[in-house]
């Protein structure tokens with residue numbers, strides 16, 4: 001029987017996320033929970049710290065290292081966990097958005113004017 005009606009228009013198709021990805025990121029977040037406490041990341045921090053960590057993991061993977069030495073978990077899953085946290089920061093306004101400002105605003109604010 002296939003007659004039920006359900007309106008899923010506009011809802012994200014979460015079934016498209018690979019199980020290996022979900023498992024890996026969940027294990028990585030679980031490792032963070034053991035080290036820092038459950039949901040510690042929601043206390044916030046500078047966004048650049050999460051960006052730096054994600055890029056370190058991506059760079060390590062790019063250089064041929066599959067797993068982080070401290071956790072033995074995938075660098076890709078560590079990077080994804082960092083990006084998930086960063087996405088949550090952006091969605092909920094958590095932490096300090098210290099991304100590079102608009103260049104014109106930066107120049108006007110921080111670059112000394114010639115005398």
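Could you list, ordered by first residue, the pairs with Cβ atoms under 6 Å in which the first is in segment 91-115 and on the phi > 0 side of the Ramachandran plot and the second is surrounded by 10 or more Cβ atoms within 10 Å (Cβ to Cβ), at least 6 apart or interchain?
Sorted first by the residue in segment 91-115, then by its partner, the pairs are 95/44; 95/45; 95/47; 95/89.
Among the residues of segment 29-44, is any surrounded by 12 or more Cβ atoms within 10 Å (Cβ to Cβ) and either in contact with a strand residue (DSSP E or B) (Cβ under 9 Å, 6 or more places away or on another chain) or over 22 Å from residue 92 (Cα atoms) (or both)?
Checked segment 29-44: at least one residue is surrounded by 12 or more Cβ atoms within 10 Å (Cβ to Cβ) and either in contact with a strand residue (DSSP E or B) (Cβ under 9 Å, 6 or more places away or on another chain) or over 22 Å from residue 92 (Cα atoms) (or both).
Give the residue that is surrounded by the fewest Cβ atoms within 10 Å (Cβ to Cβ), with candidates limited to residues of segment 62-90 that are in contact (Cβ under 8 Å) with a residue 12 or more places away in the chain and not in a helix (DSSP H, G or I).
71
Read-outs: derived from the displayed coordinates by stated rules, not from any lab. Since the structure is predicted, the reported quantities are computational estimates derived from the model, not experimental observations. Cβ coordinates were reconstructed from backbone atoms using ideal geometry, including for glycine residues, and neighbour counts include every protein chain displayed.
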